[in-house]
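So the structure is just underneath, and the comments pick up after that.
Since every read-out is calculated from the coordinates, none of them should be taken as a lab result. Just so it is clear, the structure is predicted and the values come from calculations on it, not from any experiment. Ideal geometry is used to build each Cβ from the backbone, glycine not excepted, and the neighbour counts take in all protein chains shown.
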Amino acid sequence: ASARQVNIAIIGAGGVGKCFLSQLEWLAARRQNQKLVLTYIATSKKAVYSDSYSPIALDSVVSTLSSSSQAPLALPKLVDYLAASGTKTVLVDNTSSQDIADAYPSFLRRGISIVTPNKKAFSGSYKLWQDIFAAKEEGGALLYHEASCGAGLPVISTIKDLVETGDEVTKIEGVFSGTMSFLFNSFAPTSGAGGGKWSAEVAKAKELGYTEPDPRDDLNGLDVARKLTILARYAGLEVESPTSFPVQSLIPKELESVASGDEFLTRLPEFDAQMEEVKAEAQKEGKVVRFVGSIDVASKQVKVGLEKFDLSHPIAALKGSDNIISFYTKRYGSNPLIIQGAGAGGDVTAMGVTSDLLKVLAQL
Ligand code: NHO
């Protein structure tokens, strides 16, 4: 392979993965002086690759994958396969797999760079977080995960820029879940009028590709807790895990142990009255309820849950699946740096992954 070739390996071809593939095809066709070659792609069931690392055509990759009879390589084998190519390689992890996240150190140590929207590596144990960054140094690899918070919005790059230029983050707060934003904006609109049944809005959010593969990961607050864990760590707090601070779950107790996400969605309508009550209680005070998260750096407090807001508050007035994230810092004083926009969905999330890939490519 020529020095200007970069191999790409992709795991995951679901909602985000498919959008990423079409962005990659667009990018590869326009990339000058650097040839992007897809040498491996896998889902949980199938894979496409060859011992000679022959290029997998990007315009037909989805159908090639679905008609493939190859099984995915076990992770240690995949590390060896990618490292043995002798060509610079970027792994794109478009899954939500903890196993793959746990294997990041072994990829990075072998010099394989990683871009990903998967939150699990950066919001798992603090030990994994430390291992990942040590392995990255050791292997001289690159690592970006912009889409792990706020989809394509520049959230991770912003907090890194703030910290690495010597600013001090004092507080971060906002709406960090595209799903929760969508749910409350449509279930409890500021206009007071309308608003569908809670369970119907949840089903719609799943259909629109906003939710995690299992929507319970959004409704139990864990998805927001993961994002706050990541941001808190960049802000300098040694948060042990996304379950080491208070997180309010919106999953009815009775449905906590239901086996599948689909069964959960089927039974959720039985509990619509509970959410109607939450909505009515806020309405009585002339407010709306929203699902928010905050990090107070000085007191080391992180929390996630429901809060009531005046109708004129920027958090109450969000639209669609928008996130809003306010960074309070020494430099910015009492007027925070605010980032707002779509916080979920295949295309905008994939854009975060593709722009990370561009950052890696520029340095290879
Ligand atoms: P899918 O559609 O379930 O696809 C997962 C793919 O991974 C499938 O092809 C599956 O076969 C493959 N896979 C799973 N485990 C595997 C394994 N062990 N080995 C090989 N393949 C495996 O999931 P999505 O929706 O495409 O999500 C992919 C990743 O993007 C997840 O890590 C998710 O957390 C992340 N992500 C998604 C979104 C989004 O909007 N869909 C966002 C960010 C990151 O900003 C977004 C967000 O935070 C959404 C959040 N729910 C919110 O705020 O409401």
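Can you give me the Cα centroid spacing of the range 114-177 and the range 202-245 in angstrom?
14 Å
Which whole-Hz couplings ³J(HN,Hα) result when phi for each residue of the range 186-201 is put into the Karplus expression 6.51 cos²θ - 1.76 cosθ + 1.60, θ = phi - 60°, listed in order with x for Gly and Pro?
The phi angles translate into 8, 7, 10, x, 5, 5, x, 7, x, x, x, 5, 3, 5, 5, 5 Hz.
Once amide H atoms are built 1.01 Å from N in the peptide plane, which residues 5 or more positions from residue 10, or in another chain, come under 5 Å H to H?
40, 41, 42, 92
Is the range 87-150 rounded, prolate or oblate when judged by the Cα gyration tensor, a ≥ b ≥ c being the square roots of its eigenvalues, rounded requiring a/c under 1.5 and prolate requiring a/b larger than b/c?
Since a/c reaches 1.5 but b/c is at least a/b, the shape of the range 87-150 is classed as oblate.
Taking a ≥ b ≥ c as the square roots of the Cα gyration tensor eigenvalues, with a/c under 1.5 meaning rounded and otherwise prolate when a/b beats b/c, else oblate, which class fits the range 215-338?
oblate
With springs only between Cα atoms under 10 Å apart, run a GNM on the chain and tell me which of 259, 42, 200 wobbles the most.
Of the options given, 259 has the highest mean-square fluctuation.
Per residue, how big is the convex hull around the C-alpha atoms of the range 212-262? Give it to me in cubic angstrom, could you?
78 Å³
Short version: ³J(HN,Hα) in whole Hz for each residue of the range 13-27, in order, from phi by Karplus 6.51 cos²θ - 1.76 cosθ + 1.60 (θ = phi - 60°), x for Gly and Pro, what are they?
Each residue's phi maps through the Karplus curve to give 9, x, x, 6, x, 5, 5, 4, 4, 6, 5, 5, 4, 4, 5 Hz.
Using a Gaussian network model of the chain with C-alpha springs under 10 Å, which one of 227, 77, 46 is most mobile by mean-square fluctuation?
In this elastic network of the chain, the residue with the biggest mean-square fluctuation among 227, 77, 46 is 77.
Multiplying the sequence separation of residue 69 and residue 163 by 0.36 nm and subtracting their Cα-Cα distance, what value in nm do you get? Write down the numbers at each step before the final one.
On the way: separation 94, 0.36 × 94 = 33.84 nm, distance 4.73 nm.
Between residue 69 and residue 163, full extension yields 29.1 nm more.
What is the dipole size for the chain, taken about its Cα centre, with +1 at each Lys and Arg Cβ and -1 at each Asp and Glu Cβ, in debye to the nearest 20?
Values: 37 positive and 41 negative charges, 177 e Å.
Dipole size: approximately 840 debye.
So what is log10(I(q)/I(0)) for the range 314-361 at q = 0.25, 0.30 1/Å, when the Debye sum runs over its Cα atoms only?
For the requested q values the scattering log ratios are -0.90, -0.99.
Taking Cα atoms of the chain, Rg/Rh with Kirkwood Rh, to two decimals? Before the final figure, lay out the partial values.
Values: Rg = 21.1 Å, Rh = 21.4 Å.
When Rh is taken as the Kirkwood radius, the ratio is 0.99.
Step through the residues of the range 43-52 one at a time and calculate ³J(HN,Hα) from phi using the Karplus curve (6.51 cos²θ - 1.76 cosθ + 1.60, θ = phi - 60°), rounding each to whole Hz and writing x for Gly and Pro.
10, 6, 10, 10, 8, 9, 6, 9, 4, 8
Ratio of alpha-carbon Rg to the 2.2 N^0.38 Å globular estimate for the range 145-255, to two decimals, please. Could the numbers behind the result be given before it?
Values: Rg = 15.7 Å, N = 111, 2.2 N^0.38 = 13.2 Å.
Compactness ratio reported: 1.19.
Which entries in 253/300; 171/330; 46/206; 88/119; 119/206; 45/77 show an alpha-carbon gap greater than 20 Å? Don't skip to the answer; put the middle values down first.
Details: 253/300 29 Å; 171/330 10 Å; 46/206 24 Å; 88/119 24 Å; 119/206 18 Å; 45/77 16 Å.
Violating the 20 Å limit, Cα to Cα: 253/300; 46/206; 88/119.
With just the Cα atoms of the range 5-45, tell me how far they stretch along each of the three principal axes, in Å, largest first.
34, 17, 8
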